[in-house]
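Below is one structure, written out as structure tokens; the observations come after it.
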Amino acid sequence: TLSLHDALPISALRLPTFDDFTTSLRLGLRDFVSVPLVDLFFASFFVISGLFMAWITYLTGQTFWMILLVMGFPLVGTLSALGFYETSRRRQQGAEIGFGNVVAHVWDQKGGQLPWLAAIIVVIFMFWFFLGHMIFALFLGLSPMTNVSTSLGVFVEPDGLMMLGFGTLVGGVFALLIFSISVLGIPMLLDRDIDFITAMLRSVSAVQASPMLFLLWGLLIGVVTLLSMVPLFLGLFVTMPVLGHATWHLYHRLLVEPDT
């Protein structure tokens with residue numbers, strides 16, 4: 001059984017190439033096909049969360065809930081993908097892959113460094129949620145529109161367009177921050193015996209060293225995730241596992257000595 005005590009020491013990360021990203025996507029799809037039932041279980045949390053937020057939006061008639069969901073959902077996707085990372089890790093190491101042992105190892109992380117990074121991401125996300133609500137109130141607070149199902153036209157009016165533009169800009173800053181600290185930081189914490197601050201700094205340094213490639217990767221994740229929400233969030237059953245596995249493989253490919 002793999003445990004935190006079996007974690008490998010920290011290793012350096014090399015600069016990525018475009019081939020690393022395309023190959024990681026191909027390997028992510030391969031992993032999803034190989035263990036679909038385990039993946040569907042973890043993906044169900046994304047789908048249920050989306051449906052729950054949509055239900056709150058419908059119940060309250062408050063449009064900003066759905067807007068914040070759409071903008072914020074990709075921000076916490078990396079944090080929620082631990083099950084996919086662990087599945088790919090076990091597959092690479094030839095270890096047993098089953099619902100029980102994957103869940104058990106993910107649960108074991110509660111005593112390690114991952115909860116600290118998770119707390120930082122949640123705090124950032126909650127601050128964005130609060131700020132997003134404030135932005136909505138600033139631009140549309142005096143609007144008679146409150147019901148998302150009957151007043152979507154307000155978003156094509158000047159105040160609505162300004163709200164969407166400014167909110168997207170602010171949300172992009174938060175997304176970049178969370179993406180930078182987590183895209184390699186969380187897989188590294190799952191894989192290596194390392195503190196969360198070092199993991200965050202290594203992840204941020206990697207993004208800074210190859211900003212265009214990582215921005216394209218983040219954009220791909222964001223766009224695919226948002227498109228997957230359209231059919232009642234059901235597309236997340238496929239896209240979340242594939243992207244989760246692909247992120248793990250990207251991290252693993254960038255290790256200078258991935259087999260040590």
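The values are calculated or read from the model by the stated rules, or taken from the named source; none is laboratory data. Given the structure is predicted, the values throughout are model-derived calculations rather than measurements. Cβ coordinates were reconstructed from backbone atoms using ideal geometry, including for glycine residues, and neighbour counts include every protein chain displayed. SASA here: full protein model, heavy atoms, side chains in, ligands and nucleic acids out. Shrake-Rupley method; radii C 1.70, N 1.55, O 1.52, S 1.80 Å.
Which members of the range 12-44 meet the condition of being under 15 Å from residue 102 (Cα atoms) and either surrounded by 13 or more Cβ atoms within 10 Å (Cβ to Cβ) or under 17 Å from the mean Cα position of the chain (by Cα) (or both)?
Scanning the range 12-44 gives 31, 32, 34, 35, 36, 38, 39, 40, 41, 42, 43.
Got a number for residues in the range 194-238 being open to solvent by less than 30 Å² (accessible area, probe 1.4 Å), free of Cβ contacts under 8 Å to residues at least 40 places away in the same chain and within 20 Å of residue 253 (Cα to Cα)?
The qualifying residues number 2.
What is the residue count in the range 122-141 for residues that are under 20 Å from the mean Cα position of the chain (by Cα), of a type in the set (Val, Ile, Thr) and open to solvent by less than 30 Å² (accessible area, probe 1.4 Å)?
Adding up the residues that qualify gives 1.
Cβ contacts < 7 Å: first residue at pLDDT below 95 and of a type in the set (Asp, Glu), restricted to the range 244-260; second residue open to solvent by 10 Å² or more (accessible area, probe 1.4 Å) and outside any helix (DSSP H, G or I), any location; separation 6+ or different chain. Result?
From residues that are at pLDDT below 95 and of a type in the set (Asp, Glu), the pairs are 257/11.
If a residue has to be under 11 Å from the mean Cα position of the chain (by Cα) and not in a helix (DSSP H, G or I) to count, how many in the range 164-192 make the cut?
Qualifying residue count for the region: 1.
So, in the range 128-142, how many residues would count as being aromatic (Phe, Trp, Tyr) and free of Cβ contacts under 8 Å to residues at least 12 places away in the same chain?
Residues flagged as aromatic (Phe, Trp, Tyr) and free of Cβ contacts under 8 Å to residues at least 12 places away in the same chain within the range 128-142 amount to 1.
In the set 97, 121, which member is in contact (Cβ under 8 Å) with a residue 60 or more places away in the chain and within 22 Å of residue 49 (Cβ to Cβ)?
The match here is 121.
On the basis of being of a type outside the set (Ser, Thr, Tyr), surrounded by fewer than 16 Cβ atoms within 10 Å (Cβ to Cβ), at pLDDT 75 or above and closer than 18 Å to residue 45 by Cα, does residue 119 make the cut?
Taking the combined requirement at face value, the residue does not satisfy it.
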